[in-house]
Amino acid sequence: MVKLKTAAIVFTIVLLTVRSAFTQGENPKSRHAPNALPGVEPEMLTPEYWIALNDDADKVIMRPAEIERFNEHVRNKEHEKVSFEGPLHNPILPLDLPDTLPGAELNKWLRSNINKLFSPDDMWGSHDFYDGRNAIYNDDMKQDLVDKMNMDGIPGTITRRFGIIVKHTSVRQYPTHVPGYHNTETELDRFQITDLCVGNPVAILHASVDGDFLYVESPIARGWVDAGDIATADRKAIRSLTDDTNFLMATGDKVPVYGDPSYNNFALYFYLSATLPLIKNDSSGYTVKLPCRLPDGSLDIKTGYVKSDADVHIGYLPYTKRSIITQMFRMLNTPYGWHGQDNKRDCVGTLRVAFRCCGLVTGRYMSDASTHQVRFDKKLSIEEKMAEVAKIEPVITTASAPGHIVLYLGKGHNGMLYFMHQGGWGYEDDDGTHLIVNRVSINAVTHKWYHISTPNVFTTMKN
C-alpha cells in the first residue's frame, strides 16, 4: 500500500529533479489539508458549479470520427525518448504489431533498464532503491533481478504472442512485485511503470526465468506484468473482445462485476474508463463478457454481471465539457498513487482516464498530445500570465511543467482561476504546519499547492 505519509511527491514525466521538501522526520508538525483548500469555496467542490459556468457545456467538441483522427495523430506524433524504457509517449495498438521482433531490440530495451538498475538517475537526491523492509538494494539483490529477466533466453527473432489483461494490474520495470522505493520515508515505487485495466490487449515478447512474469507491449507501456493477470489467445479471439463496439464502460472510480446474476459472487472491479463487451442490459442490470485465464494460461470468456444502478455507461461519453467535468469529479478526493501504484492514480493517470471516457486515447504521458498549445515565457509577471491564461479554453485544457500536469478548470464566480488535479504532496500553512493533500483536489492558481507560475505549457485537447 502506498503511504505517502508527509513527503512531498510530484509525479515526474521525464527526470525527477525536485527534492521532496517535507518528510515525517523533518517536519513533525503536520495534519491533513482541509477538504476545500484556501481560496476554494465549498460549492466549487461540486461538478454542477463548474458545468453552470460553461454556457457551452453540452457542445460536442469532437465527434467519433474526429476523435479517431485525434487518436491517430497521437499514435504517430514524434516525441523525445523518455529517460528509461517502459512508458510510451505514443500509444500503440498491440494487436497491429508485426508477427516478429528482432531479439536484439528487446535486448536493447532490457539492457537499458539493467543499466538504470545499477546506475539509477537521481531522484530527489537519492541514487538508491529500498525494498519493502527499507533494506537498500545491494548489487547481489540487483543481480537477482537481472537473472530473473532471462536475458540468455532471448532468441534471435522473437515471435509475438498475444494476450488480454484479465484484471487490473501493474506494469513493472523489473520482474518483481517487491518495491524499489527511492527512500525509507516515502513509499514511492520506482519499479512501477503504470497500471493496466481489464480488457487491455498486449503483445507478449518474453518470460522471466520462473515464468511468473511476462514482458509485454501494452497500449501505453512496455514492461513486466504478472503472468497470472494475462490470458493468451490469437489475435482474432482477442479482437472479438477489444474491438466490440457494443461495450459497457466504467464511469465510476471502480465498479464491481459479479459472477452470478444474483450479485452474490464478486468477480473483480473494473476501473474508470475500462470497458467490457456488453451482452445485454435490462431492468435487472448489465450482462457482460468477462475475459478470464484458464490454468494453462489461455483465454476463457465467462459471463459477468453488473448491477443496474452501477456507475457505468454504454459506449463512450460524448466529448463535451460536461462529460470531462463530471468524470473529473468522480475522482475528487481519491488518493494519490505513483504511476498507478496500488490501483490508484497519479496526475497524468487521472487526466488520461477522464479523457478516455470520451474516447480520447493518449500514451503514458499526455502533456503534448495536441498541437493546440500555448507556451508561456517565464519572464511574464503573475498578473500578465493570469490574464493570458484566462483567454484559454477551460475544462479541456491541461497545464503542465516537467514534473506535473493539471486540468485548467477555469474562472470561478469570484474571478479567480482554478486548477483541478491529482497531487501527491502538500504545502506549508502560515504557521509552518505541513498540510497533506495527496488526493484529487481543486486549488486557486495563486495558492502555493500548485501555483500558476509553475506550468508553462497549456494544451487544449482537440484537433
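The values are calculated or read from the model by the stated rules, or taken from the named source; none is laboratory data. Please read all numbers here as calculations on a predicted model, not as lab measurements. When we count neighbours, we look across all protein chains shown, and the Cβ atoms used for this are built from the backbone with ideal geometry, even at glycine.
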Q) For the stretch 183-232, how many residues meet the condition of being in a strand (DSSP E or B) and under 21 Å from Pro155 (Cα atoms)? A) 16
Q | Entirely in the stretch 394-458, the strands (runs of 3 or more DSSP E) that have 3 or more residues that are aliphatic (A, V, I, L, M) | A | 404-411, 439-444
Q.
Looking at the structure I just gave you, is Ser273 hydroxyl-bearing (Ser, Thr, Tyr) and over 14 Å from Asn200 (Cβ atoms)?
A. no
**Q.** Checking Pro94 against (1) surrounded by fewer than 19 Cβ atoms within 10 Å (Cβ to Cβ); (2) modelled with pLDDT of 95 or more; (3) not polar (S, T, N, Q), the condition it does not meet
**A.** (1)
Q: Could you please let me know if Leu332 is modelled with pLDDT of 95 or more and surrounded by fewer than 23 Cβ atoms within 10 Å (Cβ to Cβ)?
A: yes
**Q.** Residues being within 20 Å of the chain's Cα centre (by Cα) and among the acidic types (Asp, Glu) - total across the stretch 184-226
**A.** 5
(Q) Filter the stretch 45-85 down to the residues that are at pLDDT 95 or above and assigned to a loop (DSSP other than H, G, I, E, B) and list them by number. (A) Thr46, Asn54, Asp55, Asp56, Ala57, Asp58, Lys59, Val60, Ile61, Arg63
Q: Hey, can you tell me all the residues within the stretch 99-114 that are of a type outside the set (A, V, I, L, M, F, W, C) and closer than 18 Å to Thr232 by Cβ?
A: Asp99, Thr100
Q) over 28 Å from Ser126 (Cα atoms), touching a residue at least 60 places away in the same chain (Cβ under 8 Å) and surrounded by fewer than 20 Cβ atoms within 10 Å (Cβ to Cβ): does that describe Asn246? A) yes
Q: Take the stretch 401-421 and flag every residue that is more than 15 Å from Leu332 (Cα to Cα) and in contact (Cβ under 8 Å) with a residue 60 or more places away in the chain.
A: Pro402, Gly403, His404, Ile405, Gly410, Lys411, Gly412, His413, Asn414, Met416
Q: Inspect the stretch 307-316 for any residue being in contact with a helix residue (DSSP H, G or I) (Cβ under 7 Å, 6 or more places away or on another chain), buried (at least 16 other Cβ atoms within 10 Å of the Cβ) and either in the same structural domain as Val202 (by TED's automatic domain parsing) or not hydroxyl-bearing (Ser, Thr, Tyr) (or both) and give the result as yes or no.
A: no
Q.
Please determine whether any residue of the stretch 267-284 is loosely packed, with under 14 Cβ neighbours inside 10 Å and under 28 Å from Leu97 (Cα atoms).
A. no
Q: Could you give me the residue pairs with C-beta distances under 9 Å whose first residue belongs to the stretch 100-113 and is in contact (Cβ under 8 Å) with a residue 12 or more places away in the chain and within 17 Å of Arg161 (Cα to Cα), whose second residue is loosely packed, with under 13 Cβ neighbours inside 10 Å and among the polar types (S, T, N, Q) wherever it lies, and which are 6+ apart or on separate chains?
A: Thr100/Thr157; Thr100/Thr159; Leu101/Thr157; Leu101/Thr159; Pro102/Thr157; Gly103/Thr157
Q.
Tell me yes or no: at least one residue of the stretch 254-272 is in contact with a Lys or Arg (Cβ under 6 Å, 6 or more places away or on another chain), modelled with pLDDT of 95 or more and within 30 Å of Met62 (Cβ to Cβ).
A. yes
Q) Looking at Asp253, Asp229, Asp234, which one is of a type in the set (Asp, Glu) and either within 15 Å of the chain's Cα centre (by Cα) or in the same structural domain as Val288 (by TED's automatic domain parsing) (or both)? A) Asp253
Q | Residue selected from the stretch 368-393 under the condition aliphatic (A, V, I, L, M) and assigned to a loop (DSSP other than H, G, I, E, B), by the criterion surrounded by the most Cβ atoms within 10 Å (Cβ to Cβ) | A | Ala369
Q. Here are some residues: Thr232, Thr245, Thr251. Which one is hydroxyl-bearing (Ser, Thr, Tyr) and in contact with a Ser or Thr (Cβ under 6 Å, 6 or more places away or on another chain)?
A. Thr232
